Each structure stands twice: as structure tokens, then as C-alpha cells.
2 protein chains.
Amino acid sequence: MVVKVYGSDYASAKRVMVCLAEKNIQYELIPVDITKGENKDPVYLKLQPFGSTPVIQDGDYTLYESRAIIRYYAEKYKSQGTELFGKTIEERGLVEQWLEVEAHNFQPPLYTMVIQILFSSKMGFTPDQNLIQECEEKLAKVLDIYEERLSTSKYLAGDFFSLADLSHLPFTQYLVGKCEKEYMIKNRKHVSAWWDDISNRPSWKKIRELPLYK
Amino acid sequence: MVVKVYGSDYASAKRVMVCLAEKNIQYELIPVDITKGENKDPVYLKLQPFGSTPVIQDGDYTLYESRAIIRYYAEKYKSQGTELFGKTIEERGLVEQWLEVEAHNFQPPLYTMVIQILFSSKMGFTPDQNLIQECEEKLAKVLDIYEERLSTSKYLAGDFFSLADLSHLPFTQYLVGKCEKEYMIKNRKHVSAWWDDISNRPSWKKIRELPLYK
């Protein structure tokens, strides 16, 4: 049975899609158009009561929150496709650490930048340039720590590609693409090499061709 | 060898401490006083480059981010103390889902309330009553969804206590204690029963007696 992914052409659903691609899991994307309020439809809210995307349905199993879904598939299909948690419990601990850093240090300023730069006109407000600047400064500090880390290991959790790296793909693609802030990556030698590596994985090259990133 | 927990008498370190207690793991708390800037000390920044607490050291293994640390110990000592991930991969998926909900839906408004209500005077600013009200409304909506969920299962991820419940303890204790907003829990029958259950676990009763919650 093919996994159903309910989601939009946005970053969080792509986090799940690239994970499924790394694990060679077939899926069907079921569009949920947030701009039409489909995520607030009572039928959808039964799947995801907070009204966020994505949600997966795998047989009669339903799961939401993109970072929970990628952990679920990395665990369920441990030996299929790319190993995404490392090999030992200690490596997995570091994968979890960097997944948390992505969620709590990296994504919040970048998310605000993406909303302000890319979605403000669709959402009907004027971008706040001071806020964008403030978030860019916060993100720069985070990337300086990444630069230091990536000078000692090829990937975030060690010398192996993992969920921690994968989870950065969708929002970083916004940063280097439509946000026109590729210099934030390119100016940092090790971050730049890491980004070249992970963003050129076949799994991501396929997903990033979807319309929003063009 | 005893696990070292670097942290303050704040919520995130207590998330780790209650997990270690559930797993019957001995630990030593090494105080890091944020009010004195000890978290920005160069020696500490070598352990945790973002300057947050807590960090653990377990032999020569170092790990930070409280939710990564609790996952690490729940995995490493699976069969010691309380089972905190459920029994199956599907149960574990739901534990991960509700851990993510805690981190992304529940904690953010509550964290802002705690800073505004409890720490503003120490930090030298006047609490913003409109912001507190706005956060209370957001949190109320989240708790309404919890109420619905907890009407169908005893705990968040199912009929078993897990990391998902445990992760709520420290900040909810602020809410019902010093924030004086216990009514937000008590007014919701199933949330209230859940809170009575989890907050009376011996592991948490010991931790909550630490000074800050009095």
C-alpha cells in the first residue's frame, strides 16, 4: 500500500518527501491548499487537529509533525535505503541533538525571514525590513557555529549523512533560492561544502524541482 | 560513572532530571548560573556552543538539547526503569508526534508567559499584559485539543506514560504554580486528570520540590 502524504508545496511536507525518497518508499501526495483554508476543513482537522501540514496515512496508521514522521520512517525501515540515524546509540543521540538544533536554533529565524520575504505579499502585509535584518543576524550566528562544527565532521552528527542534515534541506533551499541570500552559505567554507553535498543528493534534486523553489 | 548534568534550576534541566529519575540513573547536577552569565563562559561554550542548558556528560560522551538527551536515555536504557517510548514502532511514532506538539505548539506560548510573568522583574522589564493574554488564548486552544485527545486515551501517545507526557512536566508546573493559572488545567476534565496523574509520579514529586517551583 502506498503511503499517503497530505501536504502542500511547502517546506515541511518536503522534509517528509525527501525522507521517503531516501528510504525508497513509494508515496502519493494529496494536496491540501492552505491558501484556500483546506487545512481548516473539519475532515482535515480530524487527521491533524492543529490544522498544520503534513500528515501521513500508512494503512490505518496516521501520523503528523514532519520531524516525527521522518523519525518514524527512519526507524521502521532502518535497513532499507539510506541509514538515517547512524549506527550506534551514541550516533543516534547526536542525530537527535542536531535535529533539535535545526528545530529550535536554525529554523525559527529562517522561518520568519521566509514569511517576510516570500509570503508577505500573498498574505497581504508589507515586509518588515528591521525584522528581516534581525533574523539574518541571528541566523548568521547559528551558521558560525555550524561552520565550526562542520570543520571537524563532514555532516552535522558525524561523518555520516543523517536525518539531522536532511531536515535542513527545505528551508535552506528557500534561503539560497528565492530569498536570494545564498551568500550566507557560500561565505562559510565548511557550511558551503556541506550544502553542496546534501543539496545534490538525488533524493533532494528531484524534490527541489517542484514549482515553489524555481 | 555518574552522569553529569550541567544546568540551572530551570525547566529544561528538570526535563532531563525527571527522565533520569524514571530510568533509575544516578546523576550529579553541576550548576550553571545563567544570571551570572556562566553559560557564556568559554569553557562552557566548548560543551554547548549555543550557550543553552542543559548538557550531559556521560563518560566521554557529551550531549545537549534536553529533548535529545531524554530520547538518548530512553533508548539506551530501554529495559531499565519506566519504558518511555511505548512498545511498538507505531507507539514510538505517536510519542514522537506528541513530543513535537509539546515543543512546537504547547511550549512556545507558555514559555513567553513564564518569561513575562516570572522572570520580567529579574530581567528588568515590565510584563506586557497584552502579550500574556494573547499567549494564554493560544495555549487555551492547544489545551482544548489536548482535552479532546485525552478523552480517548489516558496519556498523550496512548494508554501508556511516555516521554511525550514527561516532557510537559516542567513548564506545566510553572503554569499551575507561580504563574497562578491552574484554572487552565483544572477547567478541562481530562487534562486535569492527566495532570494529576503525571505530576504525582514519584520522579516528578522529588524534582518539583526544588526551590524554583515553591
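Only the coordinates and a few stated rules stand behind these numbers; no lab work does. None of the values given here were measured: they were computed from a predicted structure. Note that each Cβ is placed from the backbone with ideal geometry, even for glycine, and that neighbours are counted across all protein chains shown.
Remarks
- Qualifying positions in segment A:166-214 - assigned to a loop (DSSP other than H, G, I, E, B), polar (S, T, N, Q) and more than 23 Å from A:LYS78 (Cα to Cα): A:ASN187
- Listed by position, the helices (runs of 4 or more DSSP H) inside segment B:1-105 whose residues that are crowded, with 22+ Cβ neighbours inside 10 Å number at least 2 are B:11-22, B:66-76, B:89-101.
- Flag for A:GLU83 being more than 9 Å from chain B (Cβ to nearest Cβ), farther than 15 Å from B:PHE50 by Cα and under 18 Å from the mean Cα position of the chain (by Cα): yes
- Within segment A:58-69, the set of residues being at the interface with chain B (Cβ under 9 Å from one of its Cβ atoms) and of a type outside the set (D, E, K, R) comprises A:TYR61, A:LEU63, A:TYR64, A:SER66, A:ALA68, A:ILE69.
- So B:GLU90, is it within 15 Å of the chain's Cα centre (by Cα) and either within 14 Å of chain A (Cβ to nearest Cβ) or of a type outside the set (Asp, Glu) (or both): no
- Looking only at segment A:107-165, residues that are within 14 Å of chain B (Cβ to nearest Cβ), out of contact with any Asp or Glu (no Cβ under 7 Å at 6 or more places or on another chain) and either surrounded by 14 or more Cβ atoms within 10 Å (Cβ to Cβ) or not in a loop (DSSP other than H, G, I, E, B) (or both) come to 20 in all.
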